[in-house]
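The values are calculated or read from the model by the stated rules, or taken from the named source; none is laboratory data. Remember, predicted model here, so these are calculated numbers, not experimental data. Backbone-built Cβ (ideal geometry, glycine too); neighbour counts: all protein chains shown.
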Amino acid sequence: MNRTKLHGTERPLAFGQLEKGFVRILWIDESQKGAFRGKLKHLQKLGLPGGQHGKGRRIAYTREVAFQLLIALLISELGIDPVLVVQAVKENWKTIFVPAVEAAIARGQAVNPVYLVVRPKLMSGGGLQISTFRRYPYPGAADDKNLREAFDTPVTGAQTWFCAIDLTPFAVNLDILFS
């Protein structure tokens, strides 16, 4: 089985296993575990993954579901409304996030990071614009121009700033949970 695929026949995780994995991957302090659990539950109530939540109802936390939650948690760390975060994850999952996560896992061993680029359009009600770029390990490498392009590309209705999140270490570590 190809480990980098976000779907397949892997063994799903229980909520507790996934939570422990996220606590380790995201460096959640012991004193913040309760708040973190609340954030995970809130993302579920907002419809991630697929709105399957409720007491007594087990969710199969597959690789795909876990990565959707990871992306939502990373973007929500920017202080963006969780409703917009869940909407962005759902709208961009197959077109942007799946290829980005697969590339991040594949490139993780080669120290070639993959970044998520988040441009807020919050004041205009436009939500978030999400894109990615890949960077090679030294300045001036073939793909280094992507960073300059990410800075220089104007986006209609977006703020002039953006946040770049290095997805690679998070994706590689979460992938290990399913190995």
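At a glance:
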read-out	value
Any hit, the range 115-130, residues being part of a helix (DSSP H, G or I), at pLDDT below 90 and touching a strand residue (DSSP E or B) at 6+ places or on another chain (Cβ under 6 Å)	no
The range 12-64, subset over 20 Å from Leu74 (Cβ atoms) and among the polar types (S, T, N, Q), residue modelled with the highest pLDDT	Ser31
Hey, Val83 buried (at least 16 other Cβ atoms within 10 Å of the Cβ) and part of a helix (DSSP H, G or I) or not	no
Selected residue (criterion: nearest to the chain's Cα centre (by Cα)) from residues of the range 66-80 that are touching a residue at least 40 places away in the same chain (Cβ under 8 Å) and part of a helix (DSSP H, G or I)	Ile71
